[in-house]
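Down below is the structure, laid out as structure tokens.
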Amino acid sequence: MATTYDYEEAPATYDEGRHQDLGYDPNFVPDSVRSFVVHLYRHIREKNVYEIHQMYEISFQTLSDRLFKDTPWPSVDAVAHYVDNDQVFCLLYREMWFRHLYARLSPTLKQRIDSWDNYCSLFQVVLHRVVNMQLPNQWLWDMVDEFVYQFQSFCQYRAKMKNKTEQEIALLRQYDQAWNVYGVLNYLQAFVEKSNIIQILEQEKEGLEQFTATDGYDYSGGSNVLKVLGYFSMVGLLRVHCLLGDYQTGLKCLLPIDISQQGVYTSVIGSHIATIYHYGFANLMLRRYVEAIREFNKMLLYIYKTKQYHQKSPQYEQILKKNEQMYALLAICLSLCPQVKLVDETVNSQLREKYGEKMARMQRYDDEAFIIYDELFSYACPKFITPSASSFEEPLVNYNQDAYRLQLKLFLYEVKQQQLLSGVRTFLKVYSTISLGKLANYLEVDEPTLRTILLTYKHKTHAVDSDGKIISNADVDFYIDDDMIHVVESMPVKRYGDYFLRQIVKLEGVINDMDRIKLE
């Protein structure tokens, strides 16, 4: 039974007329906002990335908290004359304006469409004109991230047809190309191609480029905007394809980025987490459990060590949420593929604290186990979308959860197929050799059925990687020779480093305590 899973907690819809009654005037520009806009415009013209980043990351949030907690910022028309009516700056300002609206309020349908138009105008400028400016990686990542988020949000909004007014339906019919899935994919792909980012990353491997070494910035007086947008668009494409349930294509889009190494994607914490979360989830759905476990483990360990440095960041709550979701996904991976040796002791300790009891119950593969699989998947999965529009014919029904239910059904079907394998794995762990007849008796099946089960085990513990090679997820493997099963158990590599590091830290703590003691 699928868990009911509401994707959008929508606050009250923003109504311009209502807010005007409450005192909001879109044409009123407070002095602090005027100063912010003027200084930000000047720093962008001077390519002062440090100051742009400070204003974007800190000043914008501070002003939003102080002046615009539950109202939008002043309209672009109200601030345009302070920045010489500069078209590019006005497009950037509107991008921030809509992002604030989505974060603090709930946009109307017309505002969702206007935001799409603004992105189209901004992206057309970046793609087809010479943009001589440098922007912080954080802003460029947020641009791609918000673009994909608003697409996802629009698809969810459009799919809730039941309570739509006639006016809303008329607008949806009129602007049927707004947030069209092909338009979204085309823009992201256009950034990848126009920026030549794939060729740049290839040349970097040969020592001919310094893209990663400079974090994507151009210190020769050029612009980083197109190149870095192209780079982050590969992550955006992975995310969109995951939302559509096309995991193979999503991982192909990310291939040019070597996630086993530090890169520009790790320079922004939101980008780093989004990349690994979607990469790990796609691998989970393609049965590449070992790869998913390895990457989730690295990311969770990184967050564990660094999250205190992000406590004042606007992304802090999102970091914590994704952290919890990745623990849930790791619990699923380890239940389907018990490769605990791949998990760091710190991460494993946190995992056992959060999901130890549930993971033990998930191993039983009974009805209760399936409910837990359902619960964890529903909590941790991306917010899947149906990209196509409704036919707008009566009766109008909600279809916003159809894509989620389909992915959940496919996942639980996969879990159900693993049901017999847990019994096989248990016996294979006990024996180094065992006859087919003996194992068939233990499992209470005949030999032909056992051979089918063993073939299923082989199939389910192997997957095809992105290079087309067959890889094994099995902690216990076997081969059959003359009706005898020979078991090959992978020996875990003993790691002493973590143990000694922990003991060194304890010793330093003891020494510090002893130093504090004053001897008489």
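Approximating the spin labels as points 7 Å out from Cα along Cα→Cβ, the Arg361-to-Val445 distance works out to 2.7 nm. With the largest listed first and rounded to whole Å, the semi-axes of the equivalent ellipsoid of segment 410-487 from the Cα gyration tensor are 22, 16, 11.
Among Val268, Gly250, Val131, flag the residue with its Cα farthest along the positive direction of the charge dipole of the chain, charges on Cβ as +1 for Lys/Arg and -1 for Asp/Glu. Value: Val268.
With protein chains left intact and a 1.4 Å probe, residues in segment 410-487 average 55 Å² of accessible area per residue.
Could you tell me which of the pairs Lys252/Lys469; Lys298/Lys458; Lys429/Lys460 are separated by over 19 angstrom between their Cα atoms in the structure shown? Intermediate results must be reported in sequence, preceding the final value.
Numbers: Lys252/Lys469 14 Å; Lys298/Lys458 27 Å; Lys429/Lys460 17 Å.
Distance filter (> 19 Å) returns Lys298/Lys458.
Rg over Rh for segment 201-343 works out to 0.99, both radii taken from alpha-carbon positions and Rh defined as the Kirkwood radius.
Projecting the Cα atoms of Tyr413, Thr456, Leu501 onto the dipole axis of segment 377-501, where Lys and Arg carry +1 and Asp and Glu carry -1 at the beta carbon, places Leu501 farthest toward the positive end.
By DSSP, what percent of the beta bridges with both residues in the chain are antiparallel, rounded to the nearest 5? Roughly 95 percent of the DSSP beta bridges within the chain come out antiparallel. Excluding ligands, DNA and RNA, the accessible surface per residue across segment 185-235 is 47 Å² with a 1.4 Å probe.
Express the C-alpha Rg of segment 115-194 as a ratio against the empirical globular expectation 2.2 N^0.38 Å, rounded to two decimals. Its radius of gyration relative to the 2.2 N^0.38 Å reference: 1.28. Annotation: Lys341 carries an accessible surface of approximately 80 Å², with a 1.4 Å probe and no ligand, DNA or RNA atoms counted. Across segment 295-306, rounded Karplus estimates of 3J(HN,Hα) from the backbone phi angles (6.51 cos²θ - 1.76 cosθ + 1.60, θ = phi - 60°) give 6, 4, 4, 4, 5, 5, 5, 4, 4, 4, 7, 10 Hz, Gly and Pro being marked x. Phi angles across segment 38-50 convert, under the Karplus curve 6.51 cos²θ - 1.76 cosθ + 1.60 with θ = phi - 60°, into 3J(HN,Hα) values of 4, 5, 5, 4, 5, 5, 5, 5, 8, 6, 8, 4, 4 Hz, Gly and Pro given as x. Along each principal axis, taking the top coordinate minus the bottom one, the Cα set of segment 83-150 gives 34, 24, 22 Å in descending order.
Stokes-Einstein diffusion for segment 286-387, with the hydrodynamic radius set to the Kirkwood value over Cα pairs and evaluated at 10 °C in a medium of 1.306 mPa s, equals 110 µm²/s. Accessible surface of segment 410-487, 1.4 Å probe: 55 percent of it comes from carbon and sulfur atoms. Peptide packing for 422-432, 227-237 was compared via the average number of neighbouring C-beta atoms within 10 Å per residue; ordered from the highest value, the list is 227-237, 422-432. Using the Cα centre of the chain as origin and beta-carbon charges of +1 (Lys, Arg) and -1 (Asp, Glu), tell me which of Phe147, Tyr119, Gln61 is placed farthest towards the positive end of the dipole. Checked the options; the winner is Gln61. For Phe478, the residues whose amide H sits under 5 Å from its own are Val488, ignoring neighbours fewer than 5 places away on the same chain, with H placed 1.01 Å from N. Near the amide H of Ile485, within less than 5 Å, lie the amide hydrogens of Ile434, Ser435, Leu436, all on another chain or at least 5 residues away, with H placed in the peptide plane. Sketch the reach of a paramagnetic label on Glu414 as a point 7 Å from Cα along Cα-to-Cβ, and name the residues of segment 327-355 whose backbone nitrogen lies under 12 Å away. Only 332-334, 336-337 fall inside the zone, counting backbone N under 12 Å. The distance from the alpha carbon centre of segment 427-452 to that of segment 113-177 is 57 Å, rounded to a whole number. Taking all protein chains as shown and a probe of 1.4 angstrom, Leu396 keeps an accessible surface of around 30 Å².
With the simple spin-label model, which puts each label point 7 Å out from Cα in the Cβ direction, the Val130 to Lys110 separation comes to 4.0 nm. Element breakdown for segment 286-387 at a 1.4 angstrom probe: carbon and sulfur atoms account for 50% of the accessible area. Here the 3J(HN,Hα) profile of segment 460-466, calculated from phi with Karplus coefficients 6.51, -1.76 and 1.60 at θ = phi - 60°, is 6, 9, 10, 9, 9, 7, 5 Hz, Gly and Pro shown as x.
Relative to its Kirkwood radius, the Cα radius of gyration of the chain gives an Rg/Rh of 1.02.
Amide hydrogen proximity for Asn398: with H placed 1.01 Å from N in the peptide plane, the residues at 5 or more positions away or on another chain lying under 5 Å are Met161, Lys162.
The values are calculated or read from the model by the stated rules, or taken from the named source; none is laboratory data. In this text the structure is predicted, and so the values were computed from the model without any measurement. Note that we place each Cβ from the backbone using ideal geometry, even for glycine, and neighbour counts take in every protein chain shown. Side chains are part of the model used for accessible areas, which takes the heavy atoms of the whole protein and leaves out ligands, DNA and RNA. Shrake-Rupley method; radii C 1.70, N 1.55, O 1.52, S 1.80 Å.
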